[in-house]
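See below for the structure under consideration.
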Amino acid sequence: MITDASAVELVVLALVGLVAGWINTVAGAGSLLLLPALIFTGLDASAANATNRLGILATTIAAVLGYRRAGLSVGRNELVLTGAAMVGGGIGSFIATLLAPEQMQIAIVIAMGVMLVLSLIPTKKKKDETKRAEGEAPPPPPKLPPPTPGMIAAFVAIGTYGGFLQAGVGIVALLYLSIAHGVSLVASNVVKSTVTLALTVIAIAVFAARGETIDLVRGGVLAATSAIGGLVGARATVALGDRFVRIAVVVAVVASMVKLVYDMI
């Protein structure tokens, strides 16, 4: 446990946590703000990667509660995918204790580029809205379908990445559900938050068991403000709908790519 952060550094973390909590709930990739902020305050990359999970944990708890209050909750299908992500989260977080996160930066930039392209592809819901404008009554947007072996394998992979580095895992989950299965972005966000919450619990447990440094002071500051950002983000998602989430995802992907490329220069 490291507690030598100055008051100014803690204020910076608090502000970053507030913004990142909102971003993580609405789209994803808030960790690309949190990790550099933690490193800025004196943590090495491994400790920052582990400590960051406390902020993510608080964000996702707040987001899940916010969605539940809005009448959006998870059922059996969502819980099956959550279990798959938890398995992947354990694998990914174990790998993170062996490798430095910086070694994955080039791969993450490429992944973010793919995410940007995918985020611009019209989802099934958007095509249905086009039909509605033409006077044709489209079917209602489908709920999450029963998980297939392919979906379960996909969420094990998503969980593995999330356990390893976290940054951008929400965007991956959102795009996979909306593009591959036609789930609305709002409904996908509910699943994403639940999955992220579960795999984060597993990641924290693995980091603690493996002796990774988790700074409780810095993490506590992030948790407090990230929770506030998560609640606000959940309300914005429900109130503003899919179009708002789509724009937020594109902005988050572009900003993430710029940040990663800048770090490598």
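Points worth noting:
- Spacing of the two label points (7 Å from each Cα toward its C-beta) at Val80 and Ile152, in nm: 0.8 nm
- Within region 28-68: backbone nitrogen closer than 18 Å to the Leu10 label point (7 Å, Cα to C-beta): 37-43, 51-52, 54-55
- Spacing of the two label points (7 Å from each Cα toward its C-beta) at Ile39 and Lys143, in nm: 4.3 nm
- Ordering of 33-44, 145-156 by burial proxy (mean other Cβ atoms within 10 Å per residue, highest first): 33-44, 145-156
- For Gly182, the residues whose amide H sits under 5 Å from its own are Lys124, ignoring neighbours fewer than 5 places away on the same chain, with H placed 1.01 Å from N.
- Taking label positions 7 Å along the Cα-Cβ direction at both Leu98 and Ala209, the computed distance is 1.5 nm, reported to one decimal.
- Multiplying the residue separation of Tyr262 and Ser73 by 0.36 nm and subtracting their alpha-carbon distance yields 64.2 nm.
Taken together, the values in this text are just the output of simple stated rules run on the coordinates, not laboratory data. These numbers come from a predicted model, not from an experiment. Glycine gets a Cβ as well: all are built from the backbone with ideal geometry, and neighbour counts include every protein chain shown.
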